[in-house]
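Q: To start, I am sharing the structure in question, which I have written as structure tokens.
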Amino acid sequence: MSDQAKSVADSSPSAPTPAPQPGSASPASMPSAKAEVAFDIQDLSIFYGKTQAIKNVHLQIPAMSVTAIIGPSGCGKSTALRALNRMHELTPGARHTGKILMKGEDLYGPHVDATVVRRRVGMVFQKSNPFPTLSISENVLVGLRLNGVRDKAFLNQRLEESLRMSALWDEVKDSLNRPGTSLSGGQQQRLCIARALAVRPEILLMDEPCSALDPIATAKVEELIHALKSQYTVVIVTHNMQQAARVSENTAFFYMGSLIEFGPTEQIFMNPKNPQTEAYVSGRFG
Amino acid sequence: MITASNPSLPATAADLPEPKRWGDRLFKTITFLSAAMVGVGFLLVAYVLIQGAWPAIKLYGWSFLSNTHWNPVTDNYGALPFIVGTLVTSLIALLIAVPLSVGTAIFLTDLAPLWMRQPLTSVIEMLAAVPSVIWGLWGLFVLMPWLHDVPYTWLNKHFSFIPLFAGPIEGSGACILTAGIIVAIMILPIVTSVSREILRSVPDLQREAAYGLGATRWEVTRIAVLSYARRGLMGAAVLGLGRALGETMAVTMVVGNSPKIHASLLQPGWTLASVIANQFGEASGEIQRSVLYEIGLVLVGVTILVNIGALILIKSIETPGSRRT
Ligand SMILES: Nc1ncnc2c1ncn2[C@@H]1O[C@H](COP(=O)(O)OP(=O)(O)O)[C@@H](O)[C@H]1O
Ligand SMILES: [Mg+2]
């Protein structure tokens, strides 16, 4: 209970209904029957030992757009996100039932290799985690190197492209050989984004990527997410409802492991259908 | 609920009583005394060793370190065979023990099924507590005869043209290599358990970063775990090295106790620590006794030098940026 209270207090202190910023959720980007589906989640339940963290979730995440997952602490946002690249399997004792189709393919099919899934579905974590023994450029290129890419010219080009995409190039182009951990917190997080982008994943998962960042760094990352959505499917977990309103086209609201409501961001924030959603987005929690 | 109207309670932090400082001072004094005791202890040991070794130091000077003879009849003593024996057995022990320990530690922290980790860890910690002399007995009666009959005989038959494996091999199997292997087995548990602690301290977020890029288990171990922990692991190796240099009883039982320098690992040798244990009781005459003190002094010196060298090596491990790409 106190967790929920805290999360509400964190995300909307004065409890206004956050107004989506212009352009972030235009009617054209609303999900429609025609929109391509990146993830088709069917009756997904996830357990940690005996506790059930995700309860019978059905959800279709559209491709080439930004989908936000919101909800109070402990409601299962991270768990749901990590199921999308099979990261939750690394937690001892975690198991799931139900199905996730990625572009029509069963993510958990018997012949599907989790490492291949994670190459196609990149991830950015809540705390930045560059590899401390690698330089800035080595951090960005580590995924390609793992895939056996050796071509110098190609690597250099990818390095620059990825750092430009994550809006870090101008800040680091003269110090590419310095340790990744020598950067500031916000720069490190953008380095991690560049690292995830360097392998050109089809989908990018972000778990509260700005929660440890100052407002300026947060704005940079949000700009970046905006820029990405023309080419990428982005799923972002956020604690911060204003952020969800600013960056996403669609929003899923989770509460106690269940998906309560999913729809265009504008509708979720301005005109929620479910009273629990209404209570959460307006800062009252009922 | 505390209210300002209660006169016995301070209204602001400025009204709080002065913090009590005597606890701080006591704590500081106790920690200082403990640290000082370690220093005093070391000085005492050094004093006793130097005093005992003084006649030998005066007699032989620096040549003691480079003299390869050990002849109690003519009182011609040198430390070089023992220095070489100590360094070579320790090096063999490290070469065998460190990869095995780190491998075991990786298995225990990242690969073994959950139910297996705790029992295995306990077994390893128990092995670390087995006394040296027990390992020596086991080495003497079980390991050494087998080593002689199988690997040594084979090595000597097929590879005796390599000086390292030249014969003739002792019938008992006592040799430098046997001592190295026994010491390796003895330092395995401690190096493993320290390595395991170090690997456990690698943040899971590092592992997840690698998994998130689609790394396989081995790749995660390589790019996220081992590289993060490499300095700590080298520290674990140095700890093992310290033990190896000073290991006494078990080595005495299997090294062959021969004060000669051979190129071959299959020939008997001797170490600084084991010659002291072996000869001190029956040292005849003042000179021999003093020489053994000096051997002790040399052992301390070698240990310190090797540790300093290892620390410099660890410090100098390249950090990104020190290298051009
Ligand atoms: N590794 C874990 N082991 C056991 N329970 C966990 C683990 N991770 C999360 N949980 C539980 O699952 C629920 C959902 O957690 P999480 O997905 O992290 O929530 P959120 O990201 O929304 O804060 C919580 O009740 C949490 O206690
Ligand atoms: Mg979370």
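Q: Of A:212, A:167, which residue is more than 12 Å from chain B (Cβ to nearest Cβ), more than 21 Å from residue A:146 (Cβ to Cβ) and part of a loop (DSSP other than H, G, I, E, B)?
A: A:167
Q: Taking the stretch A:87-105 on its own, how many of its residues are away from ligand 1 (no atom under 15 Å from the Cβ) and either under 28 Å from residue B:115 (Cβ atoms) or touching a residue at least 60 places away in the same chain (Cβ under 8 Å) (or both)?
A: Qualifying residue count, the stretch A:87-105: 7.
Q: Can you give me the number of residues within the stretch B:157-202 that are closer than 30 Å to residue B:107 by Cα and surrounded by fewer than 16 Cβ atoms within 10 Å (Cβ to Cβ)?
A: Qualifying residue count, the stretch B:157-202: 3.
Q: Right, something else. Six or more apart or on different chains, Cβ under 7 Å: which pairs go from a residue in the stretch A:252-267 that's within 11 Å of ligand 1 (Cβ to nearest atom) to one that's among the basic types (Lys, Arg) and part of a strand (DSSP E or B)? Could you list them?
A: Between residues of the stretch A:252-267 that are within 11 Å of ligand 1 (Cβ to nearest atom) and residues that are among the basic types (Lys, Arg) and part of a strand (DSSP E or B), the close pairs are A:257/A:55.
Q: Strands (runs of 3 or more DSSP E) wholly in the stretch A:34-80 with at least 1 residues that are within 16 Å of ligand 1 (Cβ to nearest atom) and within 14 Å of chain B (Cβ to nearest Cβ) - which ones?
A: A:37-48
Q: Could I ask something else about it? State which residue is nearest to residue A:64 (Cα to Cα) when the search covers only the stretch A:183-209 and only residues that are assigned to a loop (DSSP other than H, G, I, E, B) and hydrophobic (A, V, I, L, M, F, W, C).
A: If we take residues in the stretch A:183-209 being assigned to a loop (DSSP other than H, G, I, E, B) and hydrophobic (A, V, I, L, M, F, W, C), then A:199 is nearest to residue A:64 (Cα to Cα).
Q: On the basis of being away from ligand 2 (no atom under 16 Å from the Cβ) and at the interface with another protein chain (Cβ under 9 Å from one of its Cβ atoms), does residue A:120 make the cut?
A: So residue A:120 passes the test.
Q: A further question on this structure: Working only within the stretch B:98-156, note down all residues that are modelled with pLDDT of 90 or more, surrounded by 19 or more Cβ atoms within 10 Å (Cβ to Cβ) and small (Gly, Ala, Ser).
A: Within the stretch B:98-156, B:101, B:105, B:139 meet the criteria.
Q: Exactly one of (1) touching a strand residue (DSSP E or B) at 6+ places or on another chain (Cβ under 6 Å); (2) within 13 Å of chain B (Cβ to nearest Cβ) is unmet by residue A:107. Its number?
A: With (1) touching a strand residue (DSSP E or B) at 6+ places or on another chain (Cβ under 6 Å); (2) within 13 Å of chain B (Cβ to nearest Cβ) applied to residue A:107, the lone miss is (2).
Q: Out of the residues in the stretch A:160-188 meeting the condition of being crowded, with 20+ Cβ neighbours inside 10 Å and small (Gly, Ala, Ser), tell me which one is farthest from residue A:212 (Cα to Cα).
A: Top of the filtered list is A:162.
Q: Please give the number of the condition residue A:113 fails out of (1) within 12 Å of chain B (Cβ to nearest Cβ); (2) touching a helix residue (DSSP H, G or I) at 6+ places or on another chain (Cβ under 6 Å).
A: (2)
Q: Listed residues A:42, A:21, A:52; which is more than 16 Å from ligand 2 (Cβ to nearest atom), at pLDDT 90 or above and within 21 Å of the chain's Cα centre (by Cα)?
A: When all the criteria are applied, what remains is A:42.
Q: Looking at this structure, is residue B:199 under 30 Å from residue A:120 (Cα atoms), in a helix (DSSP H, G or I) and more than 14 Å from chain A (Cβ to nearest Cβ)?
A: Criteria met by residue B:199.
Q: Shifting gears a bit: Pull up the stretch A:55-66, narrow it to residues that are away from ligand 2 (no atom under 16 Å from the Cβ) and within 16 Å of residue A:100 (Cα to Cα), then point me to the one that is surrounded by the fewest Cβ atoms within 10 Å (Cβ to Cβ).
A: A:58
Q: Then there is this: Is it the case that some residue within the stretch B:238-253 is assigned by TED's automatic domain parsing to the domain that holds residue B:162, more than 22 Å from the chain's Cα centre (by Cα) and surrounded by fewer than 18 Cβ atoms within 10 Å (Cβ to Cβ)?
A: no
Q: Shifting gears a bit: Residue check: is residue A:111 buried (at least 16 other Cβ atoms within 10 Å of the Cβ) and away from ligand 2 (no atom under 14 Å from the Cβ)?
A: It is false that residue A:111 is buried (at least 16 other Cβ atoms within 10 Å of the Cβ) and away from ligand 2 (no atom under 14 Å from the Cβ).
Q: Right, another one. What is the one condition in (1) more than 14 Å from every other protein chain (Cβ to nearest Cβ); (2) more than 16 Å from ligand 2 (Cβ to nearest atom); (3) in contact with a Pro (Cβ under 9 Å, 6 or more places away or on another chain) that residue A:184 does not satisfy?
A: In the conditions (1) more than 14 Å from every other protein chain (Cβ to nearest Cβ); (2) more than 16 Å from ligand 2 (Cβ to nearest atom); (3) in contact with a Pro (Cβ under 9 Å, 6 or more places away or on another chain), residue A:184 misses (3) alone.
Q: Can you tell me which residue in the stretch A:189-209 is surrounded by the most Cβ atoms within 10 Å (Cβ to Cβ), limited to those that are within 16 Å of ligand 1 (Cβ to nearest atom) and away from every other protein chain (no Cβ under 12 Å)?
A: It comes out as A:209.
Q: Also, quick follow-up: Select from the stretch A:123-149 the residues that are under 21 Å from the mean Cα position of the chain (by Cα) and within 7 Å of another protein chain (Cβ to nearest Cβ) and list them in ascending order.
A: A:123, A:125, A:127, A:129, A:131, A:142, A:143
Q: Any idea which of (1) exposed (fewer than 10 other Cβ atoms within 10 Å of the Cβ); (2) at pLDDT 90 or above is the one residue B:84 doesn't satisfy?
A: Failing condition for residue B:84: (1).
The values are calculated or read from the model by the stated rules, or taken from the named source; none is laboratory data. These numbers were taken from a predicted model, which means no experiment stands behind them. Glycine gets a Cβ as well: all are built from the backbone with ideal geometry, and neighbour counts include every protein chain shown.
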